[in-house]
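Here's the structure we're looking at; comments come further down.
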Amino acid sequence: MSRKYEGLIVLNTHGVEDSVNDLVSAVAKEMEAEGAKMEEIQQLGRKKFAYNARHLEGGQYVSYIFDAEPASIDKIQTKLKLNDLVFLQHYRTQG
């Protein structure tokens, strides 16, 4: 049974030549390849961290709202861990 999820992804855009929009859509495509059906993507902007984490001062926050099977979340997390541009990821069910 498919559920609705929100994924908060923090992208490491430090030293990246591509536009942020290209990075956001590339991550969405990776998620869709693992079974997610995108409903909405909200770019929350660049925010500075309270402290430098792994030599990074801040990141681009993006909220992905999508439908997926519960088993797909593990696949998405595993795939995005391999992406150097994904600094942090957190998922929760909607409603």
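The values are calculated or read from the model by the stated rules, or taken from the named source; none is laboratory data. These figures come from a predicted structure and were not determined experimentally. Cβ sites come from the backbone with ideal geometry, for glycine too, and all protein chains shown count toward neighbours.
Quick rundown of the values:
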quantity: Scan of the stretch 1-15 for residues that are over 17 Å from Gln94 (Cα atoms) and either touching a residue at least 40 places away in the same chain (Cβ under 8 Å) or surrounded by 13 or more Cβ atoms within 10 Å (Cβ to Cβ) (or both), ordered by number; calculated: Val10, Leu11, Asn12, Thr13, His14
quantity: Selection from the stretch 47-70 of residues that are out of contact with any helix residue (DSSP H, G or I) (no Cβ under 6 Å at 6 or more places or on another chain), at pLDDT 95 or above and hydrophobic (A, V, I, L, M, F, W, C); calculated: Ile65, Phe66, Ala68
quantity: The lone exception for Asp18 - which of (1) modelled with pLDDT under 95; (2) surrounded by 14 or more Cβ atoms within 10 Å (Cβ to Cβ); (3) outside any strand (DSSP E or B) it fails; calculated: (2)
quantity: Scope the stretch 42-95; condition assigned to a strand (DSSP E or B), within 16 Å of Val16 (Cα to Cα) and either of a type in the set (D, E, K, R) or without any contact (Cβ under 8 Å) to a residue 40 or more places away in the chain (or both); matching residues; calculated: Gly45, Arg46, Glu57, Gly58
quantity: In the stretch 21-70, the residues that are among the acidic types (Asp, Glu) and exposed (fewer than 13 other Cβ atoms within 10 Å of the Cβ); calculated: Asp22, Glu40, Glu57
quantity: Test result for Asp18, more than 25 Å from Ser2 (Cα to Cα), touching a residue at least 12 places away in the same chain (Cβ under 8 Å) and of a type in the set (Asp, Glu); calculated: no
